[in-house]
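Undergrad: This is the structure I have questions about; it appears just below.
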Amino acid sequence: MVNITGADVLYPSDCMLGESPMWHNDRQSCFWVDIEGRVIYEYCLHDKICTQYLLANRVSLLVKSNNADELILGLQGGVGRYNLTTKILSMITTELNADWQHYRCNDGGCDNMGRFWISTTELNHKEDAGALYCVDKDAEVSEKLNKLSISNGMAWTADNRRLYHTDSVTGAIKSYFYDEHTADLEFERIAVQIPSEKGVPDGMALDAEGMLWIALWGGYGVGRFDVDSGEMIAFIDVPAPNVSSCAFVGTALDRMIITTAKKEMTENDLKEFPESGHIFIVEPGVTGTPVLSCSL
């Protein structure tokens, strides 16, 4: 197994719950969120300027829109459109079968047809209380998976024939056959099973070689996994225990940003790992796949 060192702090964001890293090529920026801080971060790689956008609601997921000045968001309250210039949030749909006083959106993604995929979770991650939904370009919502606790880490293969997804509490990354025309899912197999001593699988990203990079909550890093054998073949050391997600960034998609969190850490933990909650950057030695835009 290859051990990758050199994960440096890109920006000391000090997030309580950093998540949803993304590269925006049109803006040459890295994006991520602090769910509990209700903040969107935009960091320009060229001029090293970080802009913060404050929201009234928890925000857990962002994806690109077809408009470079807009993002599509998963929030506590539903799915919204956020204009980065006017700083105005407009809701697209709240119809995700959730009581928003006790639920919020969690992870998701954008598929090759421009659909927005978003999951829900109970605020305390009550078992089997969440679900995964697909929102099409007309804002029609359909439920795709149910009885989920902490739905995470959606990644589609380059040929758009499979989707990788995890309900984090199970430790299993499942492979589903994916029909790009209907957005239907059919369970295929468990591609990767993370042993509990290695951490809990959270966000993930596929590289250009078809290998899966999985952020390991409680695992101090990001593992690269062979989806055929299920074996970890590389590991990025991160000086923070709660690693939440990862994304390839840069014009060549040859760097990776990694989000972390301070959530569930004691004062002693934070003294030992003072960079927890920051966002890190590293050169993983491979490139990622293109970032897709949402048609909502």
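Readers should treat all values here as calculations from the given coordinates under stated rules, not as data from a laboratory. Predicted model only: the values in this text are computed from it and were never measured. Because the Cβ atoms are built from the backbone with ideal geometry, glycine has one as well, and the counts that use them run over all protein chains shown.
Undergrad: Taking the highest mean first, how do the peptides 223-233, 93-103 order by number of other beta carbon atoms within 10 angstrom per residue?
TA: So the order, starting with the most tightly packed, is 223-233, 93-103.
Undergrad: Applying a 10 Å radius around every beta-carbon, put 200-213, 135-148 in order of their mean neighbour count, most first.
TA: Put in order of decreasing packing, that is 200-213, 135-148.
Undergrad: With unit charges on the beta carbon (Lys/Arg positive, Asp/Glu negative), name the residue among Ile92, Val227, Thr259 whose Cα is farthest towards the positive pole of the charge dipole of the chain.
TA: So the residue furthest toward the plus end is Ile92.
Undergrad: Which lysines does Lys137 reach when only Cα atoms under 16 Å apart count, and residues fewer than 8 places away in its own chain are ignored?
TA: Answer for Lys137, where 16 Å is the Cα cut-off: Lys64, listed by chain and number.
Undergrad: Now, a different point. So if I take the centroid of the Cα atoms in the stretch 247-263 and the same for the stretch 2-23, what is the distance between those two points in Å?
TA: The two parts, judged by their Cα centres, are 6 Å apart.
Undergrad: Quick check for me: using +1 on Lys/Arg Cβ and -1 on Asp/Glu Cβ, what's the dipole size of the stretch 59-170 about its Cα centre, in debye to the nearest 20?
TA: So the dipole magnitude of the stretch 59-170 works out to roughly 240 debye.
Undergrad: Moving on. For Thr259, Thr251, what's the fewest-to-most ordering of other Cβ within 10 Å of each Cβ?
TA: Fewest to most other Cβ atoms nearby, the residues stand as Thr251, Thr259.
Undergrad: Order by neighbour count: Leu163, Leu73, Leu55, fewest other Cβ atoms within 10 Å first, most last.
TA: Leu55, Leu163, Leu73
Undergrad: Give the order of Phe187, Phe273, Phe116 when sorted by the count of other beta carbons within 10 angstrom, beginning with the fewest.
TA: Final ranking by Cβ density, sparse to dense: Phe187, Phe273, Phe116.
Undergrad: First check a/c for the stretch 23-112, with a ≥ b ≥ c the square roots of the eigenvalues of its C-alpha gyration tensor; if it is under 1.5, answer rounded, and if not, answer prolate when a/b is larger than b/c or oblate otherwise.
TA: prolate
Undergrad: Now a separate question. Which entry in [x] 28; [y] 11; [z] 15 is this structure's computed percent of Cα pairs over 34 Å apart?
TA: Evaluating percent of Cα pairs over 34 Å apart on these atoms matches [y].
Undergrad: Once the dipole of the stretch 2-294 is set up with Lys and Arg at +1 and Asp and Glu at -1 on Cβ about the Cα centre, which of Gly171, Trp23, Tyr11 lies farthest towards its positive end?
TA: Going by the Cα projections, it comes out as Tyr11.
Undergrad: Still on this structure: At a Förster distance of 41 Å, what's the computed FRET efficiency of Asn67 paired with Glu127, Cβ-Cβ distance as r, to 0.05?
TA: The formula returns an efficiency of 0.60 here.
Undergrad: Report the charge-dipole magnitude of the chain in Debye, nearest 20, computed about the Cα centre from +1 at each Lys and Arg Cβ and -1 at each Asp and Glu Cβ.
TA: 460
Undergrad: Extension gain Gln193-Asn83, at 0.36 nm per residue separation less the Cα-Cα distance, in nm?
TA: 35.7 nm
Undergrad: In the stretch 2-294, what % of DSSP beta bridges are antiparallel (nearest 5)?
TA: 95
Undergrad: Among residues other than Met256 whose Cβ falls under 11 Å from its Cβ, what is the net charge (Lys/Arg +1, Asp/Glu -1)?
TA: Combined, the nearby Lys, Arg, Asp and Glu give -1.
Undergrad: As a quick test, which of the pairs Lys174/Lys271; Lys48/Lys147; Lys147/Lys271; Lys126/Lys262 have an alpha carbon distance above 32 angstrom in this structure?
TA: Among Lys174/Lys271; Lys48/Lys147; Lys147/Lys271; Lys126/Lys262, the Cα-Cα distance tops 32 Å for Lys174/Lys271; Lys48/Lys147; Lys147/Lys271.
Undergrad: Next up: Decide, for the stretch 52-158, between rounded, prolate and oblate: order the square roots of the alpha carbon gyration tensor eigenvalues as a ≥ b ≥ c, take rounded if a/c falls under 1.5, and otherwise choose prolate if a/b is larger than b/c, else oblate.
TA: oblate
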